[in-house]
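**Q** Quick one: the structure is below, and I'll ask about it shortly.
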Amino acid sequence: MEKKIHLSLCNVDLRPLDHKDVLNISRLLNLKVNTHYATSKSSADADNVFEKEKRDYIYCLEKSLQTNASYVLMIEDDTLPHTDLFNVLPHVLDFRLTFLKKQSTECSDQFLYMKLYHPKSISTYLSKEPNRIPELFSLGFLIGAFMVRLNMCLTTMSTKQLYMTWLCSFLYVILVVIAVGRPNLLELRRISKFLYNVVPAPSCCTPAMVFTQKGGNVVINYLTKVHCARNYGKDSAIDTLRQGSSHGLKAFYIEPNLVQHIGLVSAVRLRDKDPYVS
């Protein structure tokens with residue numbers, strides 16, 4: 001059965017009718033434009049760009065969910081999709097999640113959300129994410145054991161030499177892997193869509209997110225109840241929701257990233273982004 005894809009633009013500019021880029025793109029590609037005319041609930045919120053960003057996100061997600069699509073992909077305007085996006089994402093949604101569901105009763109077709117981006121600068125092994133250190137040690141054990149096996153084929157070693165060789169190999173691999181960097185090693189997974197990994201969603205950032213109907217509505221209901229301000233933007237609020245368990249839904253992340261965050265100036269935080277930190 002052929003799947004239908006609905007594409008739309010969400011215009012949340014303060015003066016939406018003056019947003020020439022949106023108007024020109026919509027004419028060029030014959031797209032539907034969902035226009036959000038900003039309203040403020042109080043004078044205190046009038047200059048709160050964090051609260052406006054949250055309300056705009058709620059509006060755009062609500063409009064997208066109204067199409068009754070199985071999945072909604074929300075991509076922000078400072079995001080550049082990777083060439084593999086539409087090759088990898090359907091594979092993950094159609095096959096990988098089905099496999100995970102069979103392996104665990106906790107996994108459902110209706111997940112909370114799926115992230116397609118996580119900053120490389122905090123994707124290192126030395127991170128607070130619980131899967132990073134086990135991943136680092138696993139590489140050390142595996143490659144270290146291979147190096148020991150290779151040495152055994154080339155020379156004869158005593159039991160003591162064998163253990164010392166393995167320990168040195170393990171430590172050597174750990175140091176090399178850290179020096180090369182986890183984000184760089186993840187790039188090797190782009191060789192095939194079957195090598196992309198699906199892991200529990202880490203904290204931070206919403207340039208590209210996939211929502212299910214149920215997950216999207218849970219996010220909307222939660223964001224409606226919270227107030228965003230400096231140091232607590234919509235991404236922090238969504239992360240707080242992820243850490244809770246009342247909704248009973250899992251959040252995932254596809255690695256390596258399927259999009260790039262190309263914005264150099266933050267309109268919300270009014271500061272330039274370091275071009276060397278992605």
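**Q** At 0.36 nm per residue, and after removing the present C-alpha to C-alpha distance, how many nm does the segment from Ser246 to Leu80 gain when stretched out fully? Intermediate results must be reported in sequence, preceding the final value.
**A** On the way: separation 166, 0.36 × 166 = 59.76 nm, distance 3.36 nm.
That pair, Ser246 and Leu80, stretches by 56.4 nm at full extension.
**Q** Let me ask something else. When the Kirkwood radius is taken over all Cα pairs of the range 142-233, what Stokes-Einstein diffusion coefficient follows at 10 °C and 1.306 mPa s, in µm²/s?
**A** Numbers: Rh = 18.2 Å.
Rounded, D is 87 µm²/s.
**Q** Assuming R0 = 22 Å, can you tell me the calculated FRET efficiency for the pair Thr224 and Leu23, based on Cβ-Cβ distance, to the nearest 0.05?
**A** Numbers: r = 29 Å, r/R0 = 1.34.
The value I calculate is 0.15.
**Q** Considering only Cα-Cα distances, which of the following residue pairs are longer than 27 Å: Lys20/Lys214; Lys63/Lys115; Lys63/Lys128?
**A** Details: Lys20/Lys214 34 Å; Lys63/Lys115 20 Å; Lys63/Lys128 35 Å.
Listed pairs above 27 Å: Lys20/Lys214; Lys63/Lys128.
Every number here is computed from the coordinates shown, using simple stated rules; none is lab data. Since we're looking at a predicted model, the values are computed, not measured. Ideal geometry is used to build each Cβ from the backbone, glycine not excepted, and the neighbour counts take in all protein chains shown.
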